[in-house]
Each structure stands twice: as structure tokens, then as C-alpha cells.
Amino acid sequence: MSKPTAWMHDEYEALVEANLDWRPPVLEGPSAPRCKVNGREMLMLCSNNYLNLSNHPRLKEAAIAAVRSHGAGSGSVRPIAGNMDLHVKLEQRIAEFKRRDAAIYYQTGFAANAGLIPQLVGKGDHLFTDELNHGSIIDGVRLTKAERNIYPHNDMGGLEDLLRKAPSAGRRLIITDGVFSMDGDTAPLDKICALAGEYGAMTYTDDAHGEGVLGDGRGIGVHYNVEDSVDIEMGTFSKAFGVVGGLAAGSEQLAKYAFNKSRTFLLSGSAPPATVAACTAALDVIDEEPQHVKRLWENTEYFRNGLQQLGYDTGNSTTPIIPAMCGSAKRAQTLSAELLKRDVFALPIVFPMVARDKARIRVMMSAGLEKKDLDIALNAFEKGGKSAGIL
Ligand SMILES: *Cc1c(COP(=O)(O)O)cnc(C)c1O
């Protein structure tokens, strides 16, 4: 008789056969614009380290100091004995940074979505969610018994139809990514808030790729000038903020309710001192060193224009996520290999993450890249794009 776990081997081999298994490269040192990957110096074009804060001296010093003063771990979950002054201070700092009344800090952004969404709506309620929302939202939605209404990507007519048709009883919640991570386009949050007002819905934005980037770093709410209308501004410290952790900002009631109800928060150990202190330092750096956000946008404009001048289609991107469209998966994979040969690290995104004919190299810009780095990368995109038959 075969072992009861034999299926794992079979399923894994099927992934390998379909070329869908992950074999991640190994970073030997910090995540930085120039980093060492699999033993080679490379230009990093695919991390979420938009502001180049993950290796910033102030974040590192804050983490080290917190280990000395508070230790390596927090000892418990927040509601029991793992609630340190560092966590309380960070939450106050998040609220101030986001210009909201209060905030809650989760261990990760995933934990925020999986823990909070199911506490906002339930049986008899209605959820309205963009078809391209992130997987952690999808998992949060799966944990609710609310009726799901999935609207076509950024289609406000489609959203309004669904809002109009939904029965008026129960709560309503509209959830959207702020910045969509495959195309680098933004949700029309001003229009979403207007519809929410008209149809009595709560609004929830997942601004994982917008915080630290849009609205002088404060996120998509500020960018669209609707920060007071969004009921729940969720985000992450794992991207532009350079550390790890999730957040939800909004009213006092929201923070208190989320603290008392989110199961991923109540039942999972709180973040360690080093992480929490580094997150606080990240917000301080963004406030006190505005050059990082400025540089990020200068680099973004320069690189996007450069790709377009080479003849690349960069889709609907209006943010530092810049897709270089390739067409077939084969072309995207060839281009990625050509870039790697030239020490430029940027990975292909292919089906099922995007449509079969919309394979691409997704560039994530960073404030830490210098103009000469961008020119090296553009040169590699030119030569590689010709070899791959894209240009
Ligand atoms: C990365 C990401 C998350 C998860 O955030 P983590 O803090 O890394 O768990 C959630 N939502 C979106 C849109 C993301 O891009």
C-alpha cells in the first residue's frame, strides 16, 4: 500500500512538469537596488522595496535598539500579555501618519485581511469586490457568509448595477485594492466613495502598493482626497515601508472593534520588538526625509518613458509598478533570461496570474536606483527585447 501522503509527491511533480513550481533565487545580503542574487551582483527590479527602506540605517538601528531594550520576542498575543509600549506607540504613529483617528497593527497584511474582513460582514450582508483584488482579500472574503458580488475590474457602472440590485437589508461593504499589483493601475477611489455614499456601503481599501508611494507616501486616500470617506484603510509594512506587518486605519470604533474581533490578531503572537520599532522608524523616515518618495517618482517616470521609447507597451500603469508587455509566456521567459544574463533581476508574470496573451516582465521601481542603474537596465531591456522578438 502506498503511503497516505504519496499524493503530495504526485501533485508536486505535476507542478514541476507544468513549469509552475517556485524555485526562488537566493539573496545573499540585504534587499537593495544593487544586491547579490545566487552569487552574482544584480540590479534589483522586482522587489517591493519601493523606498529602499529595508536596509535604511535608521530602521536597522531602531530594530537593534528594540532588541536590546525589549528582547527578541513579545511573549504572547496582544490581548493577553504581548502588548508592549512599542506596539501602542506604533499604532498611534500609524494613525497620525494616515491622518486618521486610530489604527491597529497586525502581524502581516494577510492577517489583517483574513482577520478583519470576516468581522465586517456576515450572513444576510453584501460584499462588493473587484475581480482583480489580491488573494488575501479573496481568502478574507471566503471566511464570511456574506453574499459576494464581484464587479469587473474598476468598472464603476458594473459596481453601481450590483449595488442597485442588492437587497437593501443588511450591511454592505465595498473592497478594493488601492493599486493593482499586476498592472500598476489605481482604483478610482473618489468614484467608489461617491457610490458608497449613495448606496449606504462601507468602504475598505487594501493599499499595500499605495502606502509609501501615493499621496506623498500617505496612500491612495490622500491621493484621491477622500481619506476621511474611506471607512477602513488597510495596508502593509512589507512593501514600501520596508519591514513587515499589516495595518488598518480609520475611526476609534474601527480600531477598538478590530482589536477585539479579528481572530488572526487575537489568536496569533504579536510582532517582535525589532519589527515594531523598525516600522515606527519607517514612518519617521518618510516624514523627515521626503526625498525617498520624490526619487521613487522621478525614477518611475524616467523608466516608464524609457521603456515606451524603446517600443514597449507599459499597459495602464500609473504607479511604480511598470509592466513591460511581452505577449506570450515564452517571450516573457526569454526576456527575463536575457535580462538575467545582463545582471538585471526582473521576473516574468505569466498565466494564470495574468491572461495567456498578456505575459509580461513586471518592473517594480525603487527610490534607491540611480540614473546610471536605470540606463543599464533600459539597455538590457533593449537588447533582450530584440533577442526575445518583442521589439
Ligand atoms: C502584499 C499584499 C498583501 C499582503 O501583505 P503582507 O503584509 O505581505 O502580508 C495584501 N494585499 C495586497 C494587495 C498585497 O499586495
(Q) Taking amide H atoms as placed 1.01 Å from N in the peptide plane, list the residues 5 or more away in sequence, or in a different chain, whose amide H sits under 5 Å from that of Tyr106. (A) Gly246, Leu247, Ala248
Q) Taking other Cβ within 10 Å of each residue's Cβ, how do Asp101, Asp10, Asp185, Asp130 sort, fewest first? A) Asp10, Asp101, Asp185, Asp130
(Q) Apply the a/c threshold of 1.5 to the C-alpha gyration tensor of region 57-288 and tell me whether it is rounded, prolate or oblate. (A) prolate
Q. Placing +1 at every Lys and Arg Cβ and -1 at every Asp and Glu Cβ, with all other atoms neutral, what dipole size does the chain have around its Cα centre, in debye to the nearest 20?
A. 700 debye
Q | Environment charge at Gly389 (Cβ cut-off 13 Å; Lys +1, Arg +1, Asp -1, Glu -1) | A | +3
Q) Under 5 Å between amide H atoms, partner at least 5 residues away or on a different chain: which partners does Gly178 have, H built in plane at 1.01 Å? A) Asp206, Asp207, Ala208, His209
Q | Computed lengthening from Gln308 to Leu20, 0.36 nm per intervening residue step minus Cα-Cα distance | A | 100.7 nm
Q) Between region 37-58 and region 159-189, how many Å separate their Cα centres? A) 33 Å
Q. When the Karplus curve 6.51 cos²θ - 1.76 cosθ + 1.60 is applied with θ = phi - 60°, which whole-Hz ³J(HN,Hα) does each residue of region 337-346 get, with x for Gly and Pro?
A. 5, 5, 5, 4, 4, 9, 6, 10, 9, 8
Q: Among the lysines, select those whose C-alpha is under 21 Å from the C-alpha of Lys371, and discard any that sit fewer than 8 residues away in the same chain.
A: Lys36, Lys294, Lys341, Lys383
Q | Ser69, Ser366, Ser181 arranged by Cβ crowding within 10 Å, fewest neighbours leading | A | Ser69, Ser181, Ser366
**Q.** Magnitude of the charge dipole, region 57-288, Cβ model with Lys/Arg +1 and Asp/Glu -1, debye to 20
**A.** 980 debye
Q | Whole-Hz couplings from phi, Karplus 6.51/-1.76/1.60, listed for region 119-129; x for Gly and Pro | A | 8, 9, 9, x, 3, x, 9, 10, 10, 10, 9
Q: Mind running the shape call on region 259-372? Use the C-alpha gyration tensor, a ≥ b ≥ c as the square roots of the eigenvalues: rounded below 1.5 for a/c, prolate if a/b tops b/c, oblate otherwise.
A: oblate
Q: For Met1 and Asn316, compute 0.36 nm times the residue count separating them, minus their Cα-Cα distance, and round to one decimal in nm.
A: 108.0 nm
Q) Ranking Phe241, Phe303 by Cβ neighbours within 10 Å, fewest first, what do you get? A) Phe303, Phe241
Q | C-alpha center-to-center spacing [region 78-137, region 301-358] in angstrom | A | 32 Å
Q | Expected 222 nm ellipticity per residue - DSSP helices of 4 or more, -39500 (n - 2.57), all of the chain, to 500 | A | -13000 deg cm²/dmol
Q: Provide the gained length on full extension for the span Leu27 to Asp161, in nm with one decimal, where the gain is 0.36 nm per separating residue minus the Cα-Cα distance.
A: 43.5 nm
Q: Pop out the ³J(HN,Hα) list for region 5-13 in order, Karplus 6.51 cos²θ - 1.76 cosθ + 1.60 with θ = phi - 60°, rounded to Hz; leave Gly and Pro as x.
A: 9, 4, 4, 4, 4, 4, 5, 5, 4
Q: Of the DSSP beta bridges with both residues in region 57-288, give the percent that are antiparallel, rounding to the nearest 5.
A: 35 percent
Q: Just check region 9-92 against the gyration tensor rule for me: Cα atoms, a ≥ b ≥ c as the square roots of the eigenvalues, rounded for a/c under 1.5, and otherwise prolate or oblate depending on whether a/b exceeds b/c.
A: oblate
Q) If R0 is 30 Å, what FRET efficiency do you get for Glu289 and Arg171 from their C-beta distance, rounded to 0.05? A) 0.15
Q. Which Cα, out of Leu283, Gly245, Cys326, lies furthest along the positive dipole direction of region 221-344 (beta carbon charges, K/R +1, D/E -1)?
A. Cys326
Q: Describe numerically, in nm with one decimal, the distance between label points set 7 Å from Cα along Cα→Cβ at Gln253 and at Lys372.
A: 5.7 nm
(Q) Placing +1 on the Cβ of each Lys and Arg and -1 on the Cβ of each Asp and Glu in region 57-288, which of Gly184, Ala194, His209 has its Cα farthest towards the positive end of the resulting dipole? (A) His209
(Q) List the residues, sorted by chain then number, that are 5 or more residues from Ser270 or on another chain and whose placed amide H is less than 5 Å from its amide H. (A) Ser76, Val77, Arg78
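Only the coordinates and a few stated rules stand behind these numbers; no lab work does. Remember, it's a predicted structure, so these values are computed and weren't measured experimentally. Methodologically, a virtual Cβ is constructed for each residue, glycine included, from the backbone with ideal geometry; neighbour enumeration extends over all protein chains shown.
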